[in-house]
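Reading through the structure tokens given below for one structure.
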Amino acid sequence: GGGTFGIVTSVYLQLHDYQPFSTLRFGTAALEQCGLPLSNPNYVASRAMNSTHWNFIIDFYHRPETLGVSKEASARCSAPAQNPTLLLHSCYGQGARDVFVQAWKRYISGQAAALTSAGMSQTDINIAIDCIDTAVANAPDVPDFASFSFMGPDDPAPGKTRDFPPPSYTSVTENVANILVPTTFLESNKEVIVDLLSQEFPPASYWAFGESSSMAQDQSIGLTPGYRQAGVMLVMPLSYLDENFYTAVFPRMYDTTGTNFPPFIGSNHAGPNTRGPLTSDWTKPCPLEWTTAERDDKCISLQETIWGSEMLKRLESIKTTVDPDFMFDCYGCVGNSLPPEEKTAVDGAMFHHFHVGLLIATLTAWLWNI
């Protein structure tokens, strides 16, 4: 996802129990492969089936009790932001995937009347119910997520995970923004998210925010409130962050009445062109046609969209205390957006310390050899 650890002096791993792992590639693309012509504009029930699928996903991960599923069972599964129409559900624990499968079958059976009135035949409804069994039959038998997603038979170093995404000359997310949608907004405005996800070209969606993410911390972690309050992360094109978004949608997601800008961008794979609205007017988007320098000067920075004004100030204070010479300075990281004059002073300090260190090392070697 980017970023840097600096110098790692020690590592403490608190691992989960190694439990059975199962996967399931399922979504509207899978339903189409089973025989439902959802991409056919003449198929009258296409919109209804799309919406039904996404309503189920939202309910399974955020309102599982409405499906007869416990919160604990729901939390055993998650789905990363990969194929928008073929979600990769990964489940941990004995029988965890079966809970998802049976919940889908019950849900579609319960929606039969609504789907019928939308023009869907009983034959097609049965296909939708049984299709998930086909997805289970096609799922690979792998021991864990790393083996499934990051290892393959043609890897140059068998048994080692490969780079994913692979190295590239440009960012794979240069034209998109990872929007963190708060759980409260998701649950009270479910139709807005369902409409977005039911488009012909839907955004990728990340479903890995369990209920515990809002409280699992030791008060010394830089995870943003945006992540802790999120219900889903949508990988939207930068063009979505227009004036309509900042005037009609954003204020309903986050509190914009104060002076602190809220964190709403996911840091994982954050794109280099992502900015917030104008600093002077939070209802106006940052024009993409501006130069990088102009956008940096007049728009909410990438760092501020990720951590928010309040947390960013705290992190910058820690940064300047712990690393006053900015030995660790990476693009998009905390402190990287210093004004040019301060940046020059820092670079000079780094140059000075480098030469002092080199002199000390040289004298030490000379004295050692006497």
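The values are calculated or read from the model by the stated rules, or taken from the named source; none is laboratory data. Model, not experiment: these values are computed from the prediction. Cβ atoms come from the backbone with ideal geometry, glycine included; neighbour counts cover every protein chain shown. Just the protein is used for accessible areas: all its heavy atoms, side chains included, with ligands, DNA and RNA removed. Shrake-Rupley method; radii C 1.70, N 1.55, O 1.52, S 1.80 Å.
Can you say whether Gly348 is modelled with pLDDT under 80, among the small types (Gly, Ala, Ser) and touching a helix residue (DSSP H, G or I) at 6+ places or on another chain (Cβ under 9 Å), as far as the supplied structure shows?
no
Let me confirm something: among Glu304, Glu316, Glu294, which residue is buried (at least 17 other Cβ atoms within 10 Å of the Cβ) and not in a loop (DSSP other than H, G, I, E, B)?
One residue alone meets the criteria, Glu304.
Within region 360-367, is even one residue part of a helix (DSSP H, G or I), open to solvent by less than 90 Å² (accessible area, probe 1.4 Å), at pLDDT below 60 and of a type in the set (S, T, N, Q)?
yes
Looking for something of a type outside the set (Lys, Arg) and touching a Cys at 6+ places or on another chain (Cβ under 9 Å) - is there at least one such residue anywhere in region 35-48?
Yes, there is a match, as at least one residue in region 35-48 is of a type outside the set (Lys, Arg) and touching a Cys at 6+ places or on another chain (Cβ under 9 Å).
Okay, residues lined up against (1) at pLDDT 95 or above; (2) among the basic types (Lys, Arg):
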residue: Gly1; (1), (2): no, no
residue: Phe5; (1), (2): no, no
residue: Leu13; (1), (2): no, no
residue: Phe21; (1), (2): no, no
residue: Asn42; (1), (2): no, no
residue: His53; (1), (2): yes, no
residue: Phe60; (1), (2): yes, no
residue: Lys71; (1), (2): no, yes
residue: Leu88; (1), (2): no, no
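Regarding region 188-207, can at least one residue be identified that is of a type outside the set (Phe, Trp, Tyr), under 13 Å from Ile265 (Cα atoms) and part of a helix (DSSP H, G or I)?
So far as region 188-207 goes, no, none of its residues is of a type outside the set (Phe, Trp, Tyr), under 13 Å from Ile265 (Cα atoms) and part of a helix (DSSP H, G or I).
Does any residue of region 62-83 turn out to be in contact with a Pro (Cβ under 8 Å, 6 or more places away or on another chain) and open to solvent by less than 40 Å² (accessible area, probe 1.4 Å)?
yes
Going through Ser205, Ser198 one at a time, which residue ends up being over 17 Å from the mean Cα position of the chain (by Cα), open to solvent by less than 20 Å² (accessible area, probe 1.4 Å) and either under 23 Å from Thr305 (Cβ atoms) or not hydrophobic (A, V, I, L, M, F, W, C) (or both)?
Ser198
Under 17 Å from Gln33 (Cα atoms) and over 25 Å from the mean Cα position of the chain (by Cα), is that true of Asp130?
Yes, satisfied.
Just for region 19-33: of the residues that are part of a helix (DSSP H, G or I) and aliphatic (A, V, I, L, M), which one is most open to solvent (accessible area, probe 1.4 Å)?
Ala29
In region 261-285, what residues are open to solvent by less than 70 Å² (accessible area, probe 1.4 Å), without any contact (Cβ under 8 Å) to a residue 40 or more places away in the chain and part of a loop (DSSP other than H, G, I, E, B)?
Arg275, Gly276, Pro277, Asp281, Trp282, listed by residue number.
Output the number of residues of region 319-336 satisfying the condition of being open to solvent by 30 Å² or more (accessible area, probe 1.4 Å) and under 26 Å from Gly258 (Cα atoms).
The number of residues fulfilling the criteria is 2.
Go through region 34-53 residue by residue and tally those that are touching a residue at least 60 places away in the same chain (Cβ under 8 Å), assigned to a helix (DSSP H, G or I) and out of contact with any Asp or Glu (no Cβ under 9 Å at 6 or more places or on another chain).
Summing the residues that are touching a residue at least 60 places away in the same chain (Cβ under 8 Å), assigned to a helix (DSSP H, G or I) and out of contact with any Asp or Glu (no Cβ under 9 Å at 6 or more places or on another chain) in region 34-53 gives 4.
Go through the residues of region 56-71 one by one and say whether even a single one is more than 22 Å from Lys190 (Cα to Cα) and among the small types (Gly, Ala, Ser).
No: zero hits.
Does any residue of region 111-121 turn out to be open to solvent by less than 30 Å² (accessible area, probe 1.4 Å) and in a helix (DSSP H, G or I)?
yes
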